[in-house]
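One structure below.
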């Protein structure tokens, strides 16, 4: 069974869209492990800013997300405000040590946020949603504020940066990355044995740039 990691943060609407393709990956024989990471931490590490922080990209992003949701017959409400602080929700997911429970919890929270308009930056809302999904919400919240869980999330984010992860959602199969909710078909192709010419890629990447943009 192919081992696939998916790096996620519920602040990204594309991470929410990706949750609707998890079943396709599992049906293709992938063992899918979700890795909660702080998207802002990835941005900071790579000297980048989020798409919602650029007005033109923000307008495009939410038109694109709503268009994709409509195309797929999915409900879109969106959180009360965006960006929002996803740190507590990420720590709650990190506190769920079982991989299956973590995946189920993240999917539930992402969908509650983007489909039902829930404010998952709010502790009371997180507790209510977790309880409603069969978890012990208060126990998760209590664990989420411990140094151990905070450290696990920070370490997961740092490891993601070291592994070349720069955005969410990103799927990882071995050392190969598939960034974006729209790369599931490419990942399925890869799982089915598709491959590129690695020597040709290495040769292309070794070419010197012909121009450098001033910054």
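Every number here is computed from the coordinates shown, using simple stated rules; none is lab data. A quick note: this is a predicted structure, and the numbers were derived from the prediction, not measured. A quick note on method: Cβ atoms are made from the backbone with ideal geometry, for glycine too, and the neighbour counts reach across all protein chains shown.
At-a-glance table
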{"item": "Contacts under 9 angstrom Cβ, first residue in region 131-146 being within 13 Å of residue 94 (Cα to Cα), partner part of a loop (DSSP other than H, G, I, E, B), 6 or more apart", "result": "140/96; 143/96"}
{"item": "Flag for residue 186 being touching a residue at least 40 places away in the same chain (Cβ under 8 Å) and in a helix (DSSP H, G or I)", "result": "no"}
{"item": "The lone exception for residue 97 - which of (1) out of contact with any strand residue (DSSP E or B) (no Cβ under 8 Å at 6 or more places or on another chain); (2) in a helix (DSSP H, G or I) it fails", "result": "(2)"}
{"item": "Identity of the residue in region 7-39, part of a helix (DSSP H, G or I) and either more than 21 Å from residue 87 (Cβ to Cβ) or without any contact (Cβ under 8 Å) to a residue 12 or more places away in the chain (or both), that ends up farthest from the chain's Cα centre (by Cα)", "result": "27"}
{"item": "Single residue of 162, 112 found to be surrounded by fewer than 19 Cβ atoms within 10 Å (Cβ to Cβ), without any contact (Cβ under 8 Å) to a residue 24 or more places away in the chain and closer than 22 Å to residue 7 by Cβ", "result": "162"}
{"item": "Output for region 159-169, where each listed residue is in contact with a helix residue (DSSP H, G or I) (Cβ under 8 Å, 6 or more places away or on another chain) and either at positive phi or outside any loop (DSSP other than H, G, I, E, B) (or both)", "result": "160, 161"}
